[in-house]
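All of the numbers you see were taken from the coordinates with simple rules; none came from a lab. Keep in mind that this is a model prediction, so the values were computed, not measured. For neighbour counting, all protein chains shown are included, and Cβ atoms are generated from backbone atoms with ideal geometry for every residue, glycine included.
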Amino acid sequence: MGIFSSSAGLGESSVFKREEVLLTEYVPTMLPHRENQIKQIARNLLPAAKGRKPQNTFLYGPPGIGKTAVVKHIFREFEEYSEHVRCVYINCWDFRTTTALLTELVLDLGLFVQRRGWSKDEIIGKLTEAINKRAKGLIVCLDEVDQLDLSALYDLLRINQYVMSPVGIVFISNNPYVFAKAEPRIRSSLGLDEIGFKPYNLNEMKDILKERAKDAFRAFDAAVIMLCANHAVNKGGDVRVGLQCLLKAGRLAEREHDQKVRVEHAKAVLKSIKEAKPQILKERINEHEKIVLRVLRSSKKWSAGKLYKKYCDTAKKDGIKPVSDRALREFVNHLQAIELVKISEKKVGKSRLIWRA
Ligand SMILES: Nc1ncnc2c1ncn2[C@@H]1O[C@H](COP(=O)(O)OP(=O)(O)O)[C@@H](O)[C@H]1O
Ligand SMILES: [Mg+2]
């Protein structure tokens with residue numbers, strides 16, 4: 001029997017009641033210390049249930065403090081509460097352009113549109129039809145909206161002229177200033193209610209992790225929560241760090257055939273768990289951007305021209321067709337926007353310098 005026979009096997013886990021509760025994507029039914037924000041957002045969206053115009057809302061604040069979870073939680077409850085309302089969640093990392101976004105909305109509402117080849121007006125026509133057919137009230141969440149081409153906002157607002165009940169939008173970003181670059185006219189027609197999310201303090205983090213641990217584990221030492229919460233707060237306040245600690249401690253306890261997650265398990269895994277942000281970002285950049293980061297790994301500063309050459313060489317070695325100089329410039333700008341590289345603009349005529357943040 002191979003490598004799998006010595007592990008816990010397929011039977012019930014001695015440690016976990018429901019391991020999936022500790023995954024980042026899991027949306028808990030209770031979100032301690034976000035009650036006020038939840039109430040405020042729900043109040044803003046409620047008019048949609050009666051076919052009236054919801055209040056557009058903008059949530060901002062550092063990563064890992066419940067912005068996405070709060071909206072997903074509200075969306076789930078709202079669709080249960082009102083059969084007329086449809087709530088669509090979209091992460092703008094996956095749909096960065098106007099057409100990509102509008103197409104995704106149509107598909108989400110269950111009408112057909114081709115991913116490529118349709119004009120914007122055709123897609124908007126389809127979307128209008130979809131909204132009027134499928135949803136008396138439509139709420140859209142645009143998460144990580146800093147990744148979206150802001151001109152998409154113009155088209156989204158335009159749709160309200162054609163539909164029977166206005167669309168409500170919830171925007172989310174780590175960056176409070178994303179809308180600063182949008183035209184003032186668009187900003188004022190968005191009419192945003194802004195809600196800033198603040199990081200949790202140690203006690204709040206403890207409450208949150210304790211609730212998740214109670215659902216996930218059969219038994220655990222109280223001090224496990226203390227250790228993991230402390231680590232998460234020290235590493236920047238991202239709840240995902242705390243959840244990772246709990247999951248890893250649980251898995252270690254399981255490997256050791258323990259019935260309970262103990263302080264020793266938590267202590268043993270803490271060091272291996274770092275801040276969550278950089279890893280997550282790196283998974284979401286494209287292959288060309290990944291090559292740029294690899295080239296920039298050596299700590300020197302690169303001129304744009306040299307970087308492009310080295311990028312082309314590396315790409316070819318990897319069997320990837322290099323993009324044009326101009327296209328790569330856009331990718332480098334994107335890496336700068338998400339703070340993975342730094343760029344110094346030099347005087348006119350001189351090349352800019354690029355290095356790793
Ligand atoms: N108040 C809370 N109660 C329970 N879990 C929370 C709470 N706040 C955040 N989380 C959990 O922390 C993780 C990160 O939260 P998320 O909403 O993705 O952060 P953000 O969108 O602000 O970056 C998710 O697994 C989420 O369920
Ligand atoms: Mg989020």
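Here is how the numbers come out for the structure above:
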read-out: Expected 222 nm ellipticity per residue - DSSP helices of 4 or more, -39500 (n - 2.57), all of the chain, to 500; value: -14000 deg cm²/dmol
read-out: Aspartates and glutamates whose Cα lies under 19 Å from that of Lys290, excluding same-chain neighbours fewer than 8 positions away; value: Asp94, Asp313, Asp318, Asp325, Glu330, Glu339
read-out: Free-standing Cys, the chain [no other Cys Cβ under 4.7 Å]; value: Cys87, Cys92, Cys141, Cys312
read-out: DSSP H segments from the chain that extend 30 Å or more along their own axis, Cα-based, with Kyte-Doolittle mean of -1.0 or above; value: none
read-out: Against the rule of thumb 2.2 N^0.38 Å, how large the Cα Rg of segment 285-356 comes out; value: 1.01
read-out: Antiparallel DSSP beta bridges within the chain, as percent of all bridges there, nearest 5; value: 25
read-out: Residue order, fewest to most surrounding Cβ atoms within 10 angstrom, among Trp302, Trp93; value: Trp93, Trp302
read-out: Cross-link partners of Lys53 among lysines (Cα-Cα below 17 Å; sequence separation of 8 or more within a chain); value: Lys136
read-out: Projected-area average for the chain over all orientations - Cα convex hull basis, square nanometres; value: 22.7
read-out: Exceeding the 18 Å Cα-Cα cut-off - candidates Lys67/Lys271; Lys17/Lys235; Lys17/Lys248; Lys306/Lys342; value: Lys67/Lys271; Lys17/Lys235
